1. Please verify whether D162 is closer than 12 Å to P104 by Cβ and away from ligand 1 (no atom under 16 Å from the Cβ), treating the condition exactly as stated.
2. Determine whether region 309-317 contains at least one residue that is in contact with a Leu (Cβ under 8 Å, 6 or more places away or on another chain), farther than 20 Å from A409 by Cα and either free of Cβ contacts under 8 Å to residues at least 40 places away in the same chain or away from ligand 2 (no atom under 16 Å from the Cβ) (or both).
3. If I ask for residues that are of a type outside the set (S, T, Y), surrounded by 14 or more Cβ atoms within 10 Å (Cβ to Cβ) and assigned to a loop (DSSP other than H, G, I, E, B), which ones from region 385-406 would you list?
4. How many residues does region 183-196 hold that are of a type outside the set (D, E) and either exposed (fewer than 15 other Cβ atoms within 10 Å of the Cβ) or more than 19 Å from Q160 (Cα to Cα) (or both)?
5. Tell me yes or no: at least one residue of region 29-49 is more than 16 Å from ligand 2 (Cβ to nearest atom), surrounded by 24 or more Cβ atoms within 10 Å (Cβ to Cβ) and over 10 Å from the mean Cα position of the chain (by Cα).
6. Please work out which residue is surrounded by the fewest Cβ atoms within 10 Å (Cβ to Cβ), limiting yourself to region 332-376 and to residues that are polar (S, T, N, Q) and in contact with an Asp or Glu (Cβ under 8 Å, 6 or more places away or on another chain).
7. Quick check: is even one residue across region 158-178 under 28 Å from the mean Cα position of the chain (by Cα), over 24 Å from L253 (Cβ atoms), small (G, A, S) and not assigned by TED's automatic domain parsing to the domain that holds T242?
8. Hey, any hits in region 255-265 for a residue that's within 24 Å of Q303 (Cα to Cα) and touching a Leu at 6+ places or on another chain (Cβ under 6 Å)?
Amino acid sequence: MANVTVIGAQWGDEGKGKIVDWLASRADAVVRFQGGHNAGHTLVIDGTTYKLSLLPSGIVSGTLSIIGNGVVLDPWALKAEVEKLEGQGVRITADNLAVADNCPLILPIHRDLDGLRETAAGSGKIGTTGRGIGPAYEDKVGRRAIRVCDLAHLDDLEPQLDRLCAHHDALRAGFDQPPVDREQLLSELREIAGFVLQYAQPVWKRLKKVRKAGAKILFEGAQGVLLDIDHGTYPFVTSSNTVSGTAAAGSGLGPNSTGYVLGIVKAYTTRVGSGPFPTELEDDIGQRLGERGHEFGTVTGRQRRVGWFDAVIVRQSCAISGVTGIALTKIDVLDGLDEVKICTGYRLRSNVYDYFPSHAADQAAVEPIYETMDGWSESTAGARSFADLPANAVKYVQRIQELIETPVALVSTSPERDDTILMRDPFMD
Ligand code: GDP
Ligand code: IMO
Ligand code: MG
């Protein structure tokens, strides 16, 4: 298998960026296929930190980076991110960045709507990243989106603007907001168009060429399976399919192109935003893990909720996404605990569940059933070989592997690129 698809197997922030960057030096192209700048992928290379939201994590190592059609693209966020990374010395040109010309755009009106809805929802809010992701996907599916290719035809945009504004004006009126300022929107689009168009192309064609040349493609998922619009903790989810199956549709290749599916799995669990979280810890241990793991959102800076490892949801994610092997990250954050717990099942109304039920009220009500293991006092931080891990950490990794019915291919022991233990090479498997 030449290609690798990386996806998050929990609620996002599993360490996808670090692993994609580590794998990128062995790939010929890195492709984002869903989500938008709600993602926050952190790379640490020789002490320098890079935070990416929209750009594929391959851009830092200079690998051809592609934004596929499944992404919702905020042109202003793209410009800001390109400029920020260029300021950090990363070279970004039309030679190493390609943007699908059929990507739908996130516009300021989408951000407005995201914020208005969240505010109106009060305590029932989803806790979105406020980036306009949901409203932009709604307009895509509602067939009224403005897309990257439209930026080359702004003089002909009136009929599309009519459709888009008719919809948004009605929604805005419901929130006592003025209608869309069409002139302003058009003038902002005119200003940004040239910047985006320099990277725009039929990405499917570029990928066809890459594939024909026998090159290795790395697909970079955003968010995680539990945030998937179908399979996640609905309605507390994002508005795209985050599962591995999306890599093909979201980039313009067939399902036989996505290759080895590498699920990224944190050695414990975190979630940012509202919604069910069975193994959440609201005690000192949770606080300690949050502090040691620096669990603050890359995008919004919000404190992430923290809990024990939940083998039920990861087993489910691995099945739903056809995960070939996992990368287990942040094991070092568990160093020094007397004991560690793993959730192996749920109890709900005196029944035992070996899966996460679909109904929102059931998801909120399940009680985790834990297995307790001895912790380890030694440090795993920075370990680069499996033999360097303490015996109890090895037992923990092996138990996880057993419970999720999926092999561990990589273990990550610090934020640094090279503090990574390779057990099975996804590009060779
Ligand atoms: P992503 O959204 O899946 O790319 O993950 P984020 O970048 O949002 O969050 C993961 C955080 O954990 C980042 O701050 C990473 O630098 C950090 N990280 C990744 N792998 C490890 C690891 O093995 N150990 C530790 N301590 N931190 C890690
Ligand atoms: P990465 O790629 C963690 C969460 C938000 C919210 C829900 C919906 O860094 O793992 P949205 O703005 O997408 O409509 O918000 O999804 N969310 C993420 N949580 N990591 C992410 O991305 C996320 N992207 C969105 O917090 O609960
Ligand atoms: Mg993140």
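The values are calculated or read from the model by the stated rules, or taken from the named source; none is laboratory data. This structure is a prediction, so every number in the text was calculated from the model and none was measured. Positions of Cβ are generated from backbone atoms using ideal geometry, with glycine treated the same way; all protein chains shown enter the neighbour counts.
1. no
2. no
3. Hits for region 385-406 are L389, P390.
4. Final tally of qualifying residues: 6.
5. Within region 29-49, one or more residues are more than 16 Å from ligand 2 (Cβ to nearest atom), surrounded by 24 or more Cβ atoms within 10 Å (Cβ to Cβ) and over 10 Å from the mean Cα position of the chain (by Cα).
6. Within region 332-376, the match that is surrounded by the fewest Cβ atoms within 10 Å (Cβ to Cβ) is T372.
7. no
8. yes
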